[in-house]
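Taking it in order: structure first as structure tokens, then the write-up.
The values are calculated or read from the model by the stated rules, or taken from the named source; none is laboratory data. Computed from a predicted structure; not experimentally measured. Here the Cβ positions follow ideal geometry from the backbone for every residue, glycine too, while neighbour counts run over all protein chains shown. These accessible areas exclude ligands, DNA and RNA; they are computed on the full protein's heavy atoms, side chains included. Shrake-Rupley method; radii C 1.70, N 1.55, O 1.52, S 1.80 Å.
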Amino acid sequence: MKYDKNQINRLKRLQGQLNGILKMMEEDKECKDVVTQLSASRSGIERLIGVIVSENLAQCVKDSVKNETDTDDLVKEAVNLLIKSR
């Protein structure tokens, strides 16, 4: 799979957010603030996983339709990836 610029930029933003959280911890910031930022990071990661899985699934289904092959296994694999990521 080729990852597009938007996906890479999302991950770079998450990286910056995690670096910010690390700095907060090193500066002994309030637990509530650190956990809030960690939760936001987790949400961002979950969204990125969803984007990657859905875009990959869409491309795989297009390829399968073009090649006249069954798509059931592709959908099952995508669902399993999403379940595993939770």
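Hey, got the Cα dimensions of the chain along the principal axes, in Å, largest first?
58, 25, 12
Could you order the peptides 62-68, 4-10 from most to least packed, using the average number of other C-beta atoms within 10 Å per residue? Before the final figure, lay out each step's value.
Values: 62-68: 9.9, 4-10: 11.9.
Ranked by mean Cβ neighbours within 10 Å, highest first: 4-10, 62-68.
Rounded to the nearest 0.05, what FRET efficiency is calculated for V79 and K2 with R0 set to 22 Å and r the Cβ-Cβ distance? Write out the running numbers ahead of the final one.
Details: r = 22 Å, r/R0 = 1.02.
Given R0 = 22 Å and the Cβ-Cβ separation, E is 0.45.
Would you count, across the chain, every pair of lysines whose alpha carbons are under 21 angstrom apart, provided the pair is eight or more residues apart or spans two chains? Intermediate results must be reported in sequence, preceding the final value.
Working: K2/K12; K2/K62; K2/K66; K12/K23; K23/K32; K62/K76; K66/K76; K76/K84.
Within the chain, the lysine pair count is 8.
Please work out the average accessible area per residue across the chain, using the 1.4 Å probe convention, and give it in Å². If you can, show how the numbers build up before the last one.
Numbers: 6860 Å² over 86 residues.
On a per-residue basis, the chain sits at 80 Å².
Suppose only helical runs count, i.e. DSSP H with n ≥ 4. What mean residue ellipticity at 222 nm does that imply for the chain under -39500 (n - 2.57) per run, divided by all residues and rounded to the nearest 500 deg cm²/dmol?
Details: 3 runs with 71 residues, N = 86.
Here the helix-only value at 222 nm equals -29000 deg cm²/dmol.
Quick check: at a probe of 1.4 Å, how many percent of the accessible area of the chain sits on carbon and sulfur atoms?
Values: 3700 of 6860 Å².
Using a 1.4 Å probe with all protein chains present, the chain comes out at 54 percent carbon and sulfur.
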